[in-house]
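Peer 1: Handing you a structure now.
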Amino acid sequence: MGYEYVIFILAIFFFIYLIAIWSLHFLSLIYGKYKFHKKPKVKIEQEKLPGVSIIKPLMGVDDNLKDNLETFFVMDYPLYELLFCVQDVNDPAINVVKSLIEQYSHIDAKLFCGGKVVGINPKINNMEQGYQVAKYDLMLISDAGIQMAKDTLYDMVSLMTDKVGLVHQMPFTCDRPNFSGALEKVYFGTCHCRMYLFINLIGINCVTGMSCLMRKAVLDSLGGLQKFGNYIAEDYFLAQAFLDNKWIIQLSHQPAIQNAATYSVPIWQKRMIRWCKLRLKLNIMSWLEPMQECFMLGLCTCWTVNVLFGWNSLVFFLFHVLCWLISDYTLLKITQNGKLPFSKLDYVLSWLYRESICYYLFVKAASNPTVRWRDGKYRLKWGGLAEEIIDDSRPSVPKSHGTSSTLIVSNKSINNKIKKPSTSHKRTSSYSVNMKSSPTTNSNSYNSDIENSSSIPLLSQISPTHSNTQINKNLLNTSTSSNSRLNRVTMHQHHHSISNPMTNNNNYPSPPMVLDKEQQSSSILIDMNEQETKLN
């Protein structure tokens, strides 16, 4: 009697759970139809639109980078600035950004190189310089692989009403060929989209940082970006801080279109494993994710309906899978807002693969708490904190803590600050980068040692009448002694601007610092314009 009672209780539980999951399906379909691809209800006059500072953290180049970045130069929005952040002075992304800045000289755009170590999160470290100089009240953080529609920024700003502190976009993908392209679109348009819509509908924090508009004053009051420098899932904690301070979070009407040139099934799998690892360390309910998937839930509930109603288990399972397949296809069409780039057969195959492989990906994520992201390896801790794992097999790279180093390329500064010299001549635009190792090993100190820095001309100090030969003479003695050190600098090196020193932050200690024996200033000259340019 007791055994039958337990079986009956379990059957009731799974049946209620089945109803809850299918209610989630229907609510996501309704909310997606209501939310996506809608025009703003209230039209804001151009002169009343607030300015937006757009921070673009970059690392490396792919075939689509220039096209993706160019969409930010041609947006239908009257007032914004672009702040491109690159960590390595040798990063090829610098040339891509430079060419776009020259092509769209009327757009307020700047390039920062160096970053600043404020935690273990490389994205936060890279963006810190751009964040410090952002001049508008609204700030958009947008990943390198995002392709922006012309009216997307206007849509996001229109949602930023008085009580709204943050507006974010749901991740989606552009149309891509091959099975891997269909797999990505099916995942982001079905499983991911369903949960993203439902969680945002009920007001729970579900924000991805690949495209996120926020009030900079609120972020400043929370401690700035560096407050979240020791989290890998910085987007989650940043959004949670807004919620904790009684700000509303809104979902944009337009999904964020990911358009990275490099994509494949293994790359997608690694990304899913990394995301799952983060979720497992943030919320204990994430451990129940396999029970939310189609096949596992179908197996449990087909037994349930047999116990409760005497229905045929196999027939119910097949009916359950078919309904799930159709529901996901409908949601995908709503998100796509147009014709899908693949056939229905391709959809079915991609959907079956995703639904089958998800259990393997979950086991892989649960069995290993370490993640690889960008150029680092990190061990995740419960609650979202992470610590960097130092790979001894790689050459050590000096990291600057409280150092002065900034590279800035600005079309506005070039156009406005360069004056016509007394004698007519031509010059090549050149900018210097001042790199100075920290005189102390205190990991909690991030202040610039300005007084002890060498008197190397920075961008703001270079006179229009300076020639490359004159500048090189000023730098020759210093740069010769340190060329060997500078050649070893990789994208792990972090610097920050003299003009924007940060205060100490004991709550987020930085990783152990690796310093060279010679603690001295060094400087290199970077030619940012190979062709001759006439001075205005």
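Peer 1: Considering every residue within segment 76-90, establish whether at least one is over 24 Å from LYS135 (Cα atoms) and either without any contact (Cβ under 8 Å) to a residue 40 or more places away in the chain or among the aromatic types (Phe, Trp, Tyr) (or both).
Peer 2: Scanning segment 76-90, I find no residue that is over 24 Å from LYS135 (Cα atoms) and either without any contact (Cβ under 8 Å) to a residue 40 or more places away in the chain or among the aromatic types (Phe, Trp, Tyr) (or both), so the answer is no.
Peer 1: Scan segment 325-342 residue by residue and report those that are outside any helix (DSSP H, G or I) and in contact (Cβ under 8 Å) with a residue 24 or more places away in the chain.
Peer 2: Residues satisfying the conditions are ASN337, LEU340, PRO341, PHE342.
Peer 1: Right, something else. Quickly run through segment 81-107 and pick out the residues that are of a type in the set (D, E, K, R) and open to solvent by less than 20 Å² (accessible area, probe 1.4 Å).
Peer 2: Listed by number, the residues that qualify are GLU81, ASP88, ASP91.
Peer 1: As an exercise: evaluate ASP162 against (1) in contact with an Asp or Glu (Cβ under 7 Å, 6 or more places away or on another chain); (2) closer than 27 Å to GLY51 by Cα and give the number of the one condition it does not meet.
Peer 2: Among (1) in contact with an Asp or Glu (Cβ under 7 Å, 6 or more places away or on another chain); (2) closer than 27 Å to GLY51 by Cα, ASP162 violates only (1).
Peer 1: Every residue in segment 258-290 that is in contact with a Leu (Cβ under 6 Å, 6 or more places away or on another chain) and open to solvent by 50 Å² or more (accessible area, probe 1.4 Å), please.
Peer 2: Across segment 258-290, the qualifying residue is only LYS281.
Peer 1: Those residues that are among the aliphatic types (A, V, I, L, M), open to solvent by 30 Å² or more (accessible area, probe 1.4 Å) and either in contact with a strand residue (DSSP E or B) (Cβ under 9 Å, 6 or more places away or on another chain) or closer than 22 Å to GLY145 by Cα (or both), I need them from segment 202-250; list them, please.
Peer 2: LEU243, ILE248, ILE249
Peer 1: Has segment 374-382 got at least one residue that is in a strand (DSSP E or B), surrounded by 15 or more Cβ atoms within 10 Å (Cβ to Cβ) and in contact with a His (Cβ under 8 Å, 6 or more places away or on another chain)?
Peer 2: Yes: one or more hits.
Peer 1: Looking for something modelled with pLDDT under 95, of a type outside the set (Ser, Thr, Tyr) and surrounded by 17 or more Cβ atoms within 10 Å (Cβ to Cβ) - is there at least one such residue anywhere in segment 163-172?
Peer 2: Checked against the condition, which is being modelled with pLDDT under 95, of a type outside the set (Ser, Thr, Tyr) and surrounded by 17 or more Cβ atoms within 10 Å (Cβ to Cβ), segment 163-172 yields no hits at all.
Peer 1: Which count do you get for residues in segment 108-122 that are within 23 Å of GLU387 (Cβ to Cβ) and open to solvent by 10 Å² or more (accessible area, probe 1.4 Å)?
Peer 2: Total satisfying the criteria: 2.
Peer 1: Only strands (runs of 3 or more DSSP E) wholly contained in segment 47-147 count here; list those with 1 or more residues that are more than 21 Å from ASP235 (Cβ to Cβ) and at pLDDT below 95.
Peer 2: Correct list: 108-113.
Peer 1: With among the basic types (Lys, Arg) and under 27 Å from LEU69 (Cβ atoms) as the only criterion, which of ARG274, ARG279 stands out?
Peer 2: ARG274
Peer 1: On to the next question. Among the residues of segment 188-199, write down those that are over 28 Å from ARG379 (Cβ atoms) and open to solvent by 30 Å² or more (accessible area, probe 1.4 Å).
Peer 2: Of everything in segment 188-199, just one residue is over 28 Å from ARG379 (Cβ atoms) and open to solvent by 30 Å² or more (accessible area, probe 1.4 Å), namely PHE198.
Peer 1: On the given criteria, is ALA20 closer than 30 Å to LEU201 by Cβ, aliphatic (A, V, I, L, M), open to solvent by less than 80 Å² (accessible area, probe 1.4 Å) and free of Cβ contacts under 8 Å to residues at least 24 places away in the same chain?
Peer 2: Yes: the conditions hold for ALA20.
Peer 1: Every residue in segment 276-301 that is farther than 17 Å from LEU325 by Cα and without any contact (Cβ under 8 Å) to a residue 24 or more places away in the chain, please.
Peer 2: Passing the criteria: ARG279, ASN283, ILE284, MET285, SER286, LEU288.
Peer 1: Right, here's the next one. Take segment 224-247 and flag every residue that is part of a loop (DSSP other than H, G, I, E, B) and either in contact (Cβ under 8 Å) with a residue 12 or more places away in the chain or of a type in the set (S, T, N, Q) (or both).
Peer 2: Scanning segment 224-247 gives GLY224, GLY229, ASN230, ILE232, ALA233, ASN245, TRP247.
Peer 1: Give the residue, chosen from LEU318, LEU361, LEU322, LEU345, that is in a helix (DSSP H, G or I) and surrounded by 14 or more Cβ atoms within 10 Å (Cβ to Cβ).
Peer 2: Going through LEU318, LEU361, LEU322, LEU345 in turn, the sole match is LEU361.
Peer 1: When you look at ASP175, is it touching a Pro at 6+ places or on another chain (Cβ under 6 Å), open to solvent by 30 Å² or more (accessible area, probe 1.4 Å) and of a type outside the set (A, V, I, L, M, F, W, C), yes or no?
Peer 2: Yes; evaluated as a whole, the condition is true for this residue.
Peer 1: Show the residue pairs that are 6+ apart or on different chains and have beta-carbon atoms under 6 Å apart, the first residue being within segment 127-146 and of a type in the set (Val, Ile, Thr), the second being part of a strand (DSSP E or B).
Peer 2: Filtered contacts from segment 127-146: ILE141/ILE55; ILE141/CYS212; ILE146/SER211; ILE146/ALA256.
Peer 1: In segment 262-269, is there at least one residue being in contact with a helix residue (DSSP H, G or I) (Cβ under 6 Å, 6 or more places away or on another chain) and part of a strand (DSSP E or B)?
Peer 2: Looking for residues that are in contact with a helix residue (DSSP H, G or I) (Cβ under 6 Å, 6 or more places away or on another chain) and part of a strand (DSSP E or B), one finds none in segment 262-269, hence no.
Peer 1: Still on this structure: Determine whether ILE55 is β-branched (Val, Ile, Thr) and open to solvent by 60 Å² or more (accessible area, probe 1.4 Å).
Peer 2: In short, no.
Peer 1: Can I ask one more? Need the failing condition index for ALA182 against (1) among the aliphatic types (A, V, I, L, M); (2) crowded, with 20+ Cβ neighbours inside 10 Å; (3) over 17 Å from the mean Cα position of the chain (by Cα); (4) in a loop (DSSP other than H, G, I, E, B), just the number.
Peer 2: Among (1) among the aliphatic types (A, V, I, L, M); (2) crowded, with 20+ Cβ neighbours inside 10 Å; (3) over 17 Å from the mean Cα position of the chain (by Cα); (4) in a loop (DSSP other than H, G, I, E, B), the lone unmet condition for ALA182 is (4).
The values are calculated or read from the model by the stated rules, or taken from the named source; none is laboratory data. Please read all numbers here as calculations on a predicted model, not as lab measurements. Here the Cβ is made from the backbone with ideal geometry for all residues, glycine too, and neighbour counts use every protein chain on show. The area values use the complete protein model at the heavy-atom level, side chains included, leaving out ligands, DNA and RNA. Shrake-Rupley method; radii C 1.70, N 1.55, O 1.52, S 1.80 Å.
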